[in-house]
Protein chains: 2
Amino acid sequence: MREAMKEFLPVLKNTKLFSGVGEEEIGSMLSCLGARLRTYKKGEYVLRQGERLEEIVLLACGRALIQKEDYWGNRSILGEIGVGEIFGEAYVAPESGALLNDVVALEDSAVFFFDAKRVITTCSSACRFHSMVVRNLFYAVSEKNRSLVQKLDHISRRTTREKLISYLSEEAKRQNRADISIPFNRQQLADYLSVDRSAMSNELCRMRDEGLLKFERNRFWLRAN
Amino acid sequence: MREAMKEFLPVLKNTKLFSGVGEEEIGSMLSCLGARLRTYKKGEYVLRQGERLEEIVLLACGRALIQKEDYWGNRSILGEIGVGEIFGEAYVAPESGALLNDVVALEDSAVFFFDAKRVITTCSSACRFHSMVVRNLFYAVSEKNRSLVQKLDHISRRTTREKLISYLSEEAKRQNRADISIPFNRQQLADYLSVDRSAMSNELCRMRDEGLLKFERNRFWLRAN
DNA sequence: CTCTTTTCGTTGGATATACAACCGATTTGT
DNA sequence: ACAAATCGGTTGTATATCCAACGAAAAGAG
């Protein structure tokens with residue numbers, strides 16, 4: 001194991017991918033997972049649209065952006081990647097095509113690459129914790145899956161009101177109570193639901209006036225009827 | 001292994017989950033995966049919103065619907081499940097909450113349940129193909145993930161035109177050509193993009209008149225500019 | 001072949017949304 | 001304590017979308 005990698009063991013230890021595995025064990029697994037470490041200057045591309053990906057990628061330090069360019073060259077931002085997060089993992093399956101997005105470093109960053117085949121094929125008994133990593137990987141993809149389904153469900157509603165109802169009632173169900181706190185301010189909620197902020201604000205107030213709900217800042221009280 | 005299960009071995013063999021595994025091996029793995037088989041009458045609930053799921057579910061025969069009910073009791077359909085498809089796999093992670101959707105049998109159906117823990121924890125050397133199933137499971141979730149991200153990307157556009165451009169240019173990129181065939185008719189495309197069919201039809205024709213593209217039925221020619 | 005069904009474009013009116021702009025309240029930084 | 005920035009509600013207007021309905025063309029059935 002390279003010295004540079006050793007430096008990031010505390011980071012790896014706290015990732016979802018290595019959850020439940022100690023630094024010692026991670027250190028001894030790295031070669032088994034075919035790990036390599038690369039650094040990127042701000043603005044450099046970590047992954048490029050059109051590439052085939054055969055490694056699972058983990059941001060060890062820095063910050064990165066997922067963006068895409070359409071057929072006509074219009075660019076749009078899809079999300080941000082923070083330290084400890086993995087990405088690209090959904091594109092290592094052999095039947096998956098090339099990458100559809102670019103990943104660009106927003107700051108000077110360090111990135112781990114793990115050979116996907118070696119990650120998902122548990123090796124000999126030497127790696128007692130390898131199967132735990134596989135499980136963690138599956139859980140990580142599952143979690144992304146769940147939040148994608150939820151978001152899709154909200155956004156696919158036709159009207160702003162329906163989107164709000166979908167999102168808020170989902171949260172109420174999840175938090176199992178009628179008064180909920182949401183992790184967004186108005187602008188972020190509007191972005192999340194893909195609507196205009198002011199139009200959403202209008203709709204919220206209309207719903208309040210109709211007695212459907214009450215709110216204050218990021219707290220909402222739903223009335224069940 | 002129960003006789004009833006044996007009957008479905010040919011079905012299992014052709015699923016993504018057991019891809020690459022022969023009937024023989026599947027048969028000997030079933031107990032190792034904690035498989036159980038249940039039948040449902042048309043209209044019965046296979047999974048219920050609010051339940052905790054600890055099994056991976058596979059439709060062995062019949063047809064099922066994924067639906068959901070919001071806080072106010074409004075029902076909506078999210079998708080259909082066909083023979084050989086797995087579902088619920090994204091909800092077996094321990095940190096995932098309860099199910100948010102119902103799954104209802106559309107016809108008399110037979111359903112396999114596999115103990116998630118036993119699936120993702122490869123057992124002793126007795127199951128040589130177990131790790132292949134784990135890999136298949138990961139690939140299956142990855143695939144769902146990819147299509148969800150794509151759909152979300154299209155739907156989150158504000159206007160019908162942007163949604164169409166997003167979808168069509170994505171397809172063009174994926175099929176690596178400017179003339180593409182899509183697997184939808186107009187109504188289905190409108191449903192997929194969450195817009196009104198007639199409005200979408202209007203927009204398509206407007207784009208054609210502006211020279212952005214040409215189309216005939218489900219074939220589209222994109223002009224890059 | 002004829003009849004039926006499906007598909008798709010078109011129209012018009014009611015409604016919802018986006019967009020820009022503004023303001024007061026609250027929060028943040030110094 | 002003050003200035004600056006952020007946040008959230010409001011308004012007005014142009015535009016886009018939904019919705020229902022219609023008809024022609026294509027596909028499918030008998």
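Side notes on the structure shown:
- Given charges at Cβ of Lys, Arg, Asp, Glu: the range B:3-147 dipole, positive-most of B:65, B:111, B:130: B:130
- FRET efficiency, 1/(1 + (r/R0)^6) with R0 41 Å, evaluated for residue B:161 and residue A:185 via beta carbons: 0.90
- Under 5 Å, built H, 5+ apart or other chain: amide partners of residue A:215: A:221
- Cα gyration tensor shape of the range A:157-222, rounded if a/c is under 1.5, else prolate or oblate by comparing a/b with b/c: rounded
- Lysines whose Cα lies under 21 Å from that of residue A:68, excluding same-chain neighbours fewer than 8 positions away: A:41, A:42, A:144, A:151, B:144, B:151, B:163, B:173
- Ordering A:95, A:216, B:55, A:162 by the number of other Cβ atoms within 10 Å of each residue's own Cβ, fewest first, gives A:216, A:95, A:162, B:55.
- Per-copy distances of the residue B:7 label point, shortest first, in nm (7 angstrom along Cα→Cβ): 6.3
- Applied to the range B:112-118, the Karplus parametrisation 6.51 cos²θ - 1.76 cosθ + 1.60 on θ = phi - 60° returns per-residue 3J(HN,Hα) values of 8, 10, 10, 4, 4, 4, 6 Hz, with x for Gly and Pro.
- For the range B:1-67, with +1 on Lys and Arg beta carbons and -1 on Asp and Glu, the positive-most of B:56, B:33, B:9 along the dipole: B:56
- Prolate/oblate/rounded label for chain B (Cα gyration tensor, a/c 1.5): prolate
- Per-residue Cβ neighbour rank within 10 angstrom, fewest leading, B:144, A:16: A:16, B:144
- Inter-copy spacing of residue B:117 label points, which lie 7 Å from Cα along Cα→Cβ, given in nm from shortest upward: 3.4
- Position residue B:61: other-copy label points at 6.1 nm, ordered by increasing distance, label point 7 Å along Cα→C-beta.
- Of B:22, B:88, B:211, the one that fluctuates the most in a GNM where chain B has Cα springs shorter than 10 Å: B:211
- Within a Gaussian network of chain B (alpha carbon springs, distance under 10 Å), most fluctuating of B:188, B:49, B:67: B:188
- Gaussian network model of chain B, Cα within-10 Å springs - most flexible of B:33, B:193, B:65: B:193
- For the protein assembly as shown, the Cβ-based charge dipole about the Cα centre amounts to some 580 debye (Lys, Arg positive; Asp, Glu negative; other atoms uncharged).
- Estimated from the Cβ-Cβ distance and a Förster radius of 51 angstrom, the FRET efficiency linking residue B:44 and residue A:196 is about 0.75.
- Under a 5 Å amide H cut-off, with hydrogens placed 1.01 Å from N, residue A:64 pairs with A:81, A:106 among residues at least 5 apart or on other chains.
- Sorted ascending by nearby beta carbons within 10 Å, beginning with the fewest, A:182, A:26 become A:182, A:26.
- Expected 222 nm ellipticity per residue - DSSP helices of 4 or more, -39500 (n - 2.57), all of the protein assembly as shown, to 500: -11500 deg cm²/dmol
- The protein assembly as shown: C-alpha gyration tensor shape, a/c 1.5 cut-off, then a/b vs b/c: rounded
- Where chymotrypsin sites (Phe, Trp or Tyr not before Pro) in DSSP loops with at most 15 other Cβ within 10 Å are excluded, longest remaining stretch of chain B: B:73-183
- Size of electric dipole in the range B:3-147: Cβ of Lys, Arg +1 and of Asp, Glu -1, about Cα centre, debye, nearest 20: 180
- About the centre of its Cα atoms, the range A:77-122 shows a dipole size close to 280 debye [charges on the beta carbon of Lys, Arg (+1) and Asp, Glu (-1) only; nearest 20 debye].
- Under 20 Å from residue A:6, Cα to Cα: lysines that are on another chain or at least 8 residues apart: A:16
Read-outs: derived from the displayed coordinates by stated rules, not from any lab. What you are looking at is a predicted structure, and each value in this text was computed from that prediction instead of being measured. A quick note on method: Cβ atoms are made from the backbone with ideal geometry, for glycine too, and the neighbour counts reach across all protein chains shown.
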